Every structure is written in structure tokens, then in C-alpha cells.
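K.L.:
Structure provided below as C-alpha cells; questions to follow.
The values are calculated or read from the model by the stated rules, or taken from the named source; none is laboratory data. In this text, all values refer to a predicted model and were calculated from it rather than measured experimentally. Neighbour counts are summed over all protein chains in view; Cβ atoms, including those assigned to glycine, are modelled from backbone coordinates with ideal geometry. We work out accessible area using only protein heavy atoms, side chains counted, and drop any ligands, DNA or RNA first. Shrake-Rupley method; radii C 1.70, N 1.55, O 1.52, S 1.80 Å.
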Amino acid sequence: MSKNLTYKIIEDHLVAGKMVPGEEIAIKIDQTLTQDATGTMAYLQFEAMGVPRVKTELSVSYVDHNTLQTGFENADDHLFLQSIAAKYGIYFSRPGNGICHQVHLERFGRPGATLLGSDSHTPTGGGLGMLAIGAGGLDVAAAMGGGPFHLTMPKVVDIRLSGKLNPWVSAKDIILEVLRRLSVKGGVGKILEYGGPGVSTLSVPERATITNMGAELGATSSLFPSDAVTRAFLRAQGREAVWQSLEADSGAAYDEVIDIDLSALEPMAAQPHSPDNVARIKEIGPIKVNQVAIGSCTNSSYTDLMRVAAILKGKTVHPETSLVISPGSRQVFAMLANNGALADLISAGARILETSCGPCIGMGQSPCSAGVAVRTFNRNFEGRSGTADARVYLASPEVAAAAALTGVLTDPRELGQYPEVSQPGEFLTDDSMILSPSPEPDKAEIRRGPNIKPLPVPKPMADGLELPVLLKTGDNITTDHIMPAGSKILPLRSNIPAISRYVFSSVDPDFSDRALAAGSGVIVGGLNYGQGSSREHAALAPMYLGVKAVIAKSFARIHRANLINFGILPLTFEHEEDYESLQQGDILQFTGVVHGLMSGGSLTAINKTSGRELRLVHNLSPREAAVILAGGLLNYTKQCELL
Ligand code: MIC
Ligand code: SF4
């Protein structure tokens, strides 16, 4: 039977379950990655599992998010991560070496492998033909310990690319077009597999821009075939040996087909405040732009920045527009420095930042009040830039460079001659900032600074619960709403008691006080609750504050899994209109929770305030129900060991 590429890779790694969309399956994980902001928790959890050395083919710990070091916290976390890596057999990519997804693509990714990363943009690796999936840190820790990764078998969508991009139109416009068509919830429960004759016109970094931002669709992952272009990229990275040809069989079946003619696309942008609010630059018009930021794991490859340098060469940025650039990796940065392109960027007035996530996660470079920023990043959620009333537009490096020169949103085709930039035949490869694990792990000492607090562990789920509704939210609540990031809060990622004070702080500053006073409670959400990042702090910190359940119209995949991992019940409405009947402050009484979780998919609660009965659906697999009842995945794993 002819198979699509997703089925081939999953079949190769299948440990349990049937490859039927909607059913729970478990797959073997070959590689893992963590970044520092999720990594400290992941490694505390890994330590708690008591496994002496990682059991994966490769595990890499990156430091790229928290590099501002406005206090001792970040530096302490870096030392902790470095010492953990040395002891447990993990490669350590030092701060300054680059953004995890970009470096992993360059130095470690391998076609046909599975990669689990504690960051939602892990599917960047799909640009190389690997099945790369984002997850919470606890799931990644379990995979490092040799456990399989459990997921719902996704549907597979065939995105057929035809034609070729016109000059000034780029890979970012392809994924913006997909977002325009499918929306931020359109990928939930799906893997997007790219195919068709247009694929061979795209380089690996261009493919990676597309798979990276598939995260914004809520997709489980996105995937390109591994072909001659992949081989040339790996050869130029000095890694041709890991190449293998991988593609879907002809006539393979898909659950859905989407056709995109690349030659019909135009420069576009995602308007505030959602990555799917996409329009053509021409339609949006020449709005004034205060800041341009080029970088992030979506668009900071060598060719992205070479093209920006060529556009800016010999010109100066607009006097009322600030331009900041953060190269994606040390490889990219060094190559730009060596060939003079960095000098062109500096001469044009660009402010060069270190190779890290930087402004993408609100670590500096917040725009001015009510400012407009054009960014090559992947998320423009309200407030994520650090300025509550800023308006962020997501666009290609070409659009960003054009705005930096003109000071207004500009269709880059107005700039005239398109600067052709080719892929290098050989990248500069220097892995001296990637540290190998210690050959003497017993002697490696773990460095634990005062910011690293012990891991809070949830209690087993009670059979009867009386819970106040602590907060009612609307649709598309992001994990940035639940657990904001930025330069003030991100340094507290290793300190749950401290960071929990900021849960929902941008939505309702009194939330944490109210939750602590109540002792326990429930959150009510709308559609696609918990979209965005993989940060398990958006489950862990509410758990610490006493949240026992979230009742929503629907959930984003990673957040739902994180809630379960930390013993919080994710429930949906049997009748969606019941959402309207719930108010903040209502008291919900749950009885027979244990039986309800063990036997089938529903639970009943009585709203004691209104007297209404609520029918709720849990849709938990037997394994997930057991995890919740045990009080989260760590407790569950320990229970299994005792059996
Ligand atoms: C993000 O882009 O939101 C992050 C920061 O990379 C997160 C991870 C985190 O919150 O640490 C993600 O995408 O998973
Ligand atoms: Fe870093 Fe931004 Fe990419 Fe997240 S989306 S990994 S913060 S660059």
C-alpha cells in the first residue's frame, strides 16, 4: 500500500497503538532538544526520574532564551544546565551559539528521525524531513529517560506546492498564506506534509521557515520530503552522511489536500494580534513603522540575513525607525562577519543583537507606546513584545528591510531589482561552542543557584471537588496570557512559587491572589485554550496556585498534554452553550470523579450558584486518566515503577 511520509516515519517508530487518526499512539524518540527557559524544569524532572544517563541517540540542551542576565538568575540557570548536561550525557550549546531550532537544523537534524523538543517550534526540523514535535518539558524528560512519546495519531494534510515564488516573495509568505486559509486552530490534530513540484524550488532554511510557523496553526508537526536539496544542504554543513532519500509514495492517501500556487503569492503580513490575521502588504497600506526586528527561529538564516544586507547596502535606515537584527546562529553571524555583510548592516544603521531569541520573547527591544513593529518572527500576541499597546506585524525579511528603509509598511517589490542570494556550497562549521558530555559523569557536580527551587509535585485527584470558577476567558487564550514571558518574568522559570504570582497577570492582575485565597478552583476558557508556546509553566504555576480543572470549548494540543502531566483536568462542554451559563465566582461541585475518569468520557458537575447541571467531556485515554488520578506524570511513573 502506498504511504505518505508521515505514516512512514511514524510506522518506523511506533511502539504502541494503531495508526488511526484520533487514537492514542506511542512513538520512540531518537533525539531531544531543550532550551533554557523550559530546560531547567525539564532537567529537574529528569533528575527526579533517577535515570543515570539519557537513553536517546542524541540529546541537546540549548541556551538561547534567557541571555539578558539582568540579575544572577539567568547565569545561575546556565551553570545548572551546563553541569546537568555534562553529568547525564547531553550536548550543551552554550549561550551565544544560537537559537535552538536554527542550530539543530544546521548541526544535528537528520531526515527520518524523530525529535521531541521542549519548545513549540521544534517542528522547524521538519524542513530536513524529520518528524519533529514540540512538547512540555516533562514529556521531553520522559523521552530522555527512554520512554516513548504519547500522542494522538494525527490526520495528515497534503499541502501541494506548484509553481515558483516570484522575486520579493518568500517562504514566510507561503506559511502566512497557509495561516490565512486555515487559522490558528486549523492545524490542531494534524500533520502538514508538503509535497508537489514546488518543493524542489525551496531551500532547507526556507522549508524550515514554513515548518517552524506551522506551530502557529496548532499543528502537531509539519514535514518536507528529504530530497536532493536536503542532501546539498547537509553536504554544505559537512553532514552528508546522515542524508537519506525520503518521500511519500506516489498515490499515497491523505485526509485533506490543499493546493498552493507559489507563483500567485504576494508579499503579506500577519496583522495584530494574531498570526492568522493575514493580509497583502498592499491591502494594509503604508502605515508608519516605529521598529523593525529581524531574527528569531523563523527567519534568521544565512540567506535571510544576506538578502537583508544586500537590500540595505549603501543605504541608511529611516530616521524614525529603529532596526534591530539578531542572527539565528553563531554560524550565520560568523559568516556575515567574514564576508562583509555584517559591515553593510552596521553601516546602514542596524542595531546588532546577540544570537538569541531576544525581542521575540520580550527580552528587550520593546517598541514605543502604541508603536508599530514589523518583525520577521512567528507570534504577535498582544503584549508579547513587552509593550501592552504595541501593534506587531509579522512579515518576511524582505518586507522588514523595506520598512526599515522607508519608515512605512512597504511592498518590497517597490524597491526595484531583487538581490539574488545563493546558498553557500559550504557553511562555516565550528562546533567549539557545543560542549560534549563529561567522560567522567560521576565527577560532574551539579551547580544549583538559589533561583532554582525544588519542583512542586501535584496531589492525586480527589473523588469529590467543590471548586470556584476563578476566571472566565474568551477564545484563543495563549500560554503567553496564562504565563507571560519577558525580561521581568522569564528569569523566574526555575522558581515556581515566584513565577506563579504572574499567572494571568496581563489579563487579570488579581488572579494569583484570588486563587491562593480560594485554595483551589477551576478556569473556564473558550476555543483553542492554551495555544502558542509549549511552556509547561502555564500548567505548573496554575497547579501550584490550586487550579484543579480547566473547562474550555477546545484545547491546543501541547497545553492539554501539559495540564494532564501536572494533574489538572482538561474538560470540554458536552453542550457548548453551557459556556454562557458560567460566571466567575460560581461554585462547581464535582462528584464521582474517579469513576467518571475511569469509565468513559464524561463527568457531571452541579453549578451550586445557578443550580444548573453541567455535562462535561474529558476524552482522556485510559493512560491519561491514570496520570490525572495519580496526580501527574511524575507520580504516575513512580507508581508504575512500584508495580
Ligand atoms: C515561545 O516562542 O513562546 C517560546 C518562548 O519559545 C516557548 C517556550 C517557552 O515558553 O519557554 C515555545 O514556543 O514553546
Ligand atoms: Fe525563541 Fe521566538 Fe523561536 Fe520561541 S519563537 S524559540 S522565543 S525565537
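K.L.:
Given axes a ≥ b ≥ c from the Cα gyration tensor, I'd like to know whether segment 407-492 is rounded (a/c under 1.5), prolate (a/b larger than b/c) or oblate.
P.N.:
oblate
K.L.:
Considering only protein heavy atoms, with the full assembly of protein chains and a 1.4 angstrom probe, order D30, D276 by accessible area, largest first.
P.N.:
Descending accessible area places them as D276, D30.
K.L.:
Now, a different point. With each run of n ≥ 4 DSSP H residues scored as -39500 (n - 2.57), what mean residue ellipticity at 222 nm is computed for the chain after dividing by its residue count and rounding to the nearest 500 deg cm²/dmol?
P.N.:
-8500 deg cm²/dmol, from helical runs alone.
K.L.:
Pull out a ≥ b ≥ c, the square roots of the eigenvalues of the alpha-carbon gyration tensor of segment 194-256, then state rounded if a/c is under 1.5, prolate if not and a/b is larger than b/c, and oblate in the remaining case.
P.N.:
Oblate shape, in that a/c is at least 1.5 and b/c is the bigger or equal ratio.
K.L.:
Moving on. Expressed as a whole percentage, what fraction of the accessible surface of segment 518-575 belongs to carbon and sulfur atoms when a 1.4 Å probe is rolled over the protein heavy atoms?
P.N.:
Taking all protein chains in place, segment 518-575 shows 50 percent carbon and sulfur surface.
K.L.:
Moving on. What net charge do the residues around K155 carry, taking every other residue with its C-beta under 12 Å from that of K155, with Lys and Arg at +1 and Asp and Glu at -1?
P.N.:
Overall, the nearby charge balance is -4.
K.L.:
Tell me whether segment 289-420 comes out rounded, prolate or oblate; compute the Cα gyration tensor, take square roots of the eigenvalues as a ≥ b ≥ c, and use a/c under 1.5 as the rounded threshold.
P.N.:
Oblate shape, in that a/c is at least 1.5 and b/c is the bigger or equal ratio.
K.L.:
Ignoring ligands, DNA and RNA, please state the percent of accessible area on segment 356-503 from carbon and sulfur, probe 1.4 Å.
P.N.:
It is 49 percent, rounded to a whole number.
K.L.:
Mind checking which lysines have their Cα closer than 22 Å to the Cα of K87? Skip sequence neighbours fewer than 8 apart in that chain.
P.N.:
K55, K443, K453
K.L.:
Output the relative contact order of the chain, whole-number percent, from Cα pairs under 8 angstrom with separation of 6+ residues.
P.N.:
The normalised contact order for the chain reaches 14 percent.
K.L.:
On the full set of protein chains, 1.4 Å probe, figure out the accessible area of I477 and give it in Å² to the nearest 10.
P.N.:
Near enough 20 Å² of accessible area.
K.L.:
What number comes out for accessible area per residue over the chain if the probe is 1.4 Å? Units Å², please.
P.N.:
34 Å²
K.L.:
Additional query: Could you tell me, in Å, what Rg and Dmax come out for the Cα atoms of segment 41-96?
P.N.:
Over segment 41-96's Cα set, Rg and Dmax evaluate to 11.7, 36 Å.
K.L.:
Quick check on my link table: of K28/K190; K459/K553; K472/K638; K18/K548, which ones sit more than 23 Å apart, alpha carbon to alpha carbon?
P.N.:
K459/K553; K472/K638; K18/K548
K.L.:
Report the local net charge at A252: Lys and Arg +1, Asp and Glu -1, summed over other residues whose C-beta lies under 15 Å from its C-beta.
P.N.:
Once all neighbours under 15 Å are counted, the net charge is -3.
K.L.:
Among residues other than V289 whose Cβ falls under 11 Å from its Cβ, what is the net charge (Lys/Arg +1, Asp/Glu -1)?
P.N.:
Once positives and negatives cancel, what remains is +2.
K.L.:
Follow-up. With every protein chain kept in the model, how would you rank W168, W243 by accessible area, 1.4 Å probe, largest at the top?
P.N.:
Sorted descending by solvent-accessible area, the residues read W243, W168.
K.L.:
For the chain, take N as its residue count and report Rg(C-alpha) divided by 2.2 N^0.38 Å.
P.N.:
0.92
K.L.:
Counting only protein heavy atoms and a 1.4 Å probe, tell me what percentage of segment 589-643's accessible area is made up of carbon and sulfur.
P.N.:
It is 57 percent, rounded to a whole number.
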